[in-house]
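Data first, discussion second: the structure below is written as structure tokens.
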Amino acid sequence: MNLVNLTSLSAHLSLLLASSIQPFSWNLLADIQQMLQFDFMRAAFLAGTAIALVAGLAGYFVVLRHQVFASDTLSHMVFAGAMGAALLGVNAFLGVYAVAIAGGLALNGLGWRGSARERDIATGMVMAWMLGLGALLLGIYATSSIANGNTAIGAGVLFGSILGVAGQEWIIVIAGIVTILALLAMARPLLFASLDPETAQARGVPVRLLGALFLLLVGVSVAEAVPAVGALLIFALLVAPAAIAQRLVKRPYAALALSALLALLFTWLGLTLGFYTPYPVSFLITALAFVTYLLVVAAQRLRQFATRRRFSNSNTILTHTAGG
Amino acid sequence: MLADEMMRGNNQQIERAAAPAPLSPHAIALRDTAVQLGVRTIWRDANLTIAPGEFVAILGPNGAGKSTLLRLLLGLLSPSQGRIEVLGNIPRRGNPAIGYVPQRRTLDADLPVRGRDLVMLGLDGLRWGLPLPGSKRRQQWARVRETLEAVEATAYANRPIGQLSGGEQQRLLLAQALVAQPELLLLDEPLASLDMRSQIAIAQLVARLARAQRITTLMVTHDINPVLPIVDRVIYVARGQVVIGKPEEIITTEQLSRLYDAPVEVVRDSQGRVFVVGLENETAHPSRDERTIAP
């Protein structure tokens, strides 16, 4: 139930693994069966599924509402919150969730007034300050007697350890289900408020309330992901699947579903690759997300280029005919 | 030619008077209304009534309180004095009988949503939960298709809205306001940043749809000329006052000089277009690109 020992735990696990598992065989069923024999892998898949679905759904609106920067700031707040909780000796989960919720509401307060530029600056200032505060708290913690020599806690919070979530996977799943239900319930008015806030407000949509509620939910999504993928890496699952989905699909609810599906796919693939290769799961998930995004952008650019060429070619032919 | 247009306007008013009388005598009524933003009184002593089905243009310099008037009717602001009635009731936010197109900057060029989806939000954007497939959903899409057809936007309704031209976006926003079949349509500068041809096309489209469905329409506009042939009356908001009347009564050298308390001249060109000269320094929020203000 504590974040403190996660990294050392996962180090133990990988040693244990190396001795007892068969290598990847291309017999996919057998591979998956072997993988799921292990408690820690089942826990990782369970927690990973909840985190991915939440991040994919919330991410669609984060990207649509230009709140990528704000959600990154929430990650930094969560880092400071986890450090503060560790220092005070309170449950780290409690610290993370409390800070994420308070942070979401505070960021929403910043967004009410002022231009996009002012909001950008204010968010950036808060983010830097929070990271600084986290560093201070980490420093105090590491040199204090509470730490008991465990200085890896900082890395644990920032990067998580999805292979070490066994025992807390159900907290993640329950927080995930609540967040998913809340997001789906408010999806339609939130879409209206995101695309066309003025009309939505005039039509009676509680635009401000929805904005506050949404950032609160983003805070919860970050908090629940901390033990598994960490405060920083959740960002990859929040942004990349949504950005890809919005590039590929223009129907809002279909894009929302695709975003969740992609997040799920990256997580499952990352976990499987992580089990059979020596690379860390967090690296694999972020790399999959990043490479897929690059491929989609490249494919779309190529297609644009091709159609433009075809157009200019046919234009040349037309001018020639007209001239002749 | 101008006289012709006005005659036609009068005839239409007579035709409309013969139609069955609605329950409430006025679509909109303001009595001694004043509105304040912070400590500043925007305008006061506004007295006017608008009949159901009337098409009214709202004119006046920037910052005079034209959009404020619409916000008051929408229930987004409360008057500091006096009374307002909209469709027989005190204004309330979220009245489904009001269609509204706010003044806007252009939409993000990469907004990843189809025009059709934006129109649908005008019908179901208030509902919680996800839309579920079924016969009700099919009826809603049929209504969206019908509205898109009416504003002649079917051809580009499946393209991302950000990629459309200003005139195309304006048609989709109009469809969004119309899709729930409102009784009152409030349009804030729907003609801004459109070229002259699109301005006239949009103005005529609004007028045609509003007449056909007997929707009372208030349109804030910077330039009277595209709507001059189709308005019944104009509201002029300037220097803290709100006046209403037929265009030929309000947009005159005498009226506007009195309203502005400054020598203003109304000039008509050979094609019947109206220009107001002498207001170069009169905007409340002066903007650089306004040398001559068409009313």
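Bear in mind that the values in this text are calculations on the coordinates, not laboratory data. Predicted model, so just to flag it, every value in this text is computed and none were measured. Here the Cβ is made from the backbone with ideal geometry for all residues, glycine too, and neighbour counts use every protein chain on show.
Some observations on this one:
- Computed per residue of chain A from DSSP H runs no shorter than four, each worth -39500 (n - 2.57), the mean residue ellipticity at 222 nm is -29000 deg cm²/dmol.
- Only Cα pairs under 8 Å and 6+ residues apart enter the sum, and on that basis the relative contact order of the range A:58-106 stands at 33 percent.
- Per residue Cα convex hull volume in Å³ - calculated over the range B:190-237: 73 Å³
- Look at the stretch A:198-211: the mean tally of other chain Cβ atoms within 10 Å of its residues' Cβ atoms is 6.
- Computed from Cα positions, the angle between helix B:115-124 and the longest principal axis of chain B comes to roughly 90 degrees.
- Rounded, prolate or oblate (a/c below 1.5 giving rounded, otherwise prolate when a/b exceeds b/c) for the range B:135-213 by Cα gyration tensor: oblate
- Computed from point charges on the beta carbon alone (+1 for Lys and Arg, -1 for Asp and Glu), the dipole magnitude for the range A:3-323 about its Cα centre is near 1260 Debye.
- DSSP H segments from chain A that extend 18 Å or more along their own axis, Cα-based, with Kyte-Doolittle mean of 0.0 or above: A:6-20, A:39-64, A:68-88, A:92-112, A:116-143, A:169-195, A:207-248, A:252-276, A:281-323
- Cα-based equivalent ellipsoid, the range A:176-324: semi-axes from gyration tensor eigenvalues, Å: 37, 27, 10
- Gap separating the Cα centres of the range B:38-100 and the range B:231-278, nearest whole Å: 20 Å
- Förster-model FRET efficiency, 25 Å R0, A:Val68 and A:Leu131, C-beta, rounded to 0.05: 0.90
- Listed by chain and number, the lysines placed with their C-alpha closer than 29 angstrom to that of A:Lys250 are B:Lys136; residues fewer than eight positions away on the same chain are left out.
- Here the calculated FRET efficiency for B:Asp32 and A:Leu269, from their Cβ-Cβ distance with R0 = 45 Å, stands at 0.05, rounded to the nearest 0.05.
- Fewest-first sequence of B:Lys136, B:Lys66, A:Lys250, B:Lys246 by Cβ atoms within 10 Å of each Cβ: B:Lys136, B:Lys246, A:Lys250, B:Lys66
- Taking the inverse of the mean reciprocal distance over all distinct Cα pairs, the Kirkwood hydrodynamic radius of the protein assembly as shown comes to 28.0 Å.
- Positive-pole candidate from A:Leu131, A:Phe305, A:Leu284, dipole of the range A:3-323, charges at beta carbon: A:Phe305
- Positive-pole candidate from B:Asn62, A:Ile162, A:Leu216, dipole of the protein assembly as shown, charges at beta carbon: A:Ile162
- Only beta bridges with both residues in chain B are counted; by DSSP, about 60 percent of them are antiparallel.
- Cα gyration tensor, chain B - rounded (a/c under 1.5), prolate or oblate: prolate
- Placing R0 at 35 angstrom, the Cβ-Cβ distance between A:Leu295 and B:Arg159 gives a FRET efficiency of 0.90 after rounding to 0.05.
- Peptides A:27-38, B:167-178 ordered by average Cβ neighbours within 10 Å, highest first: B:167-178, A:27-38
- Across the range A:3-323, Cα-Cα pairs farther apart than 37 Å form 23% of the total.
- Annotation: peptides A:180-189, B:262-271, B:216-225, A:218-227, ranked by per-residue average of other Cβ atoms within 10 Å with the highest first, follow the order A:218-227, B:216-225, A:180-189, B:262-271.
- Mean-position separation - Cα centroids, the range B:105-181 and the range A:253-271, in angstrom: 27 Å
- Over chain B, DSSP H runs of length four or greater, each weighted -39,500 (n - 2.57), average out per residue to a 222 nm ellipticity of -9500 deg cm²/dmol.
- Quarter of the Cα convex hull surface for the range A:48-184, i.e. its orientation-mean projected area (nm²): 8.8 nm²
- Using C-alpha pairs under 8 Å with a sequence gap of at least 6, the mean separation divided by the residue count of the range A:3-323 gives a relative contact order of 29 percent.
- Of all DSSP beta bridges in the protein assembly as shown, antiparallel share, percent nearest 5: 60 percent
- Taking every alpha-carbon pair within the range B:179-280, the share separated by more than 22 Å comes to 35 percent.
- Between the helical axis of B:196-212 and the longest alpha-carbon principal axis of chain B there is an angle of about 70 degrees.
- What separates the Cα centres of the range A:52-91 and the range B:212-226 is a distance of 47 Å.
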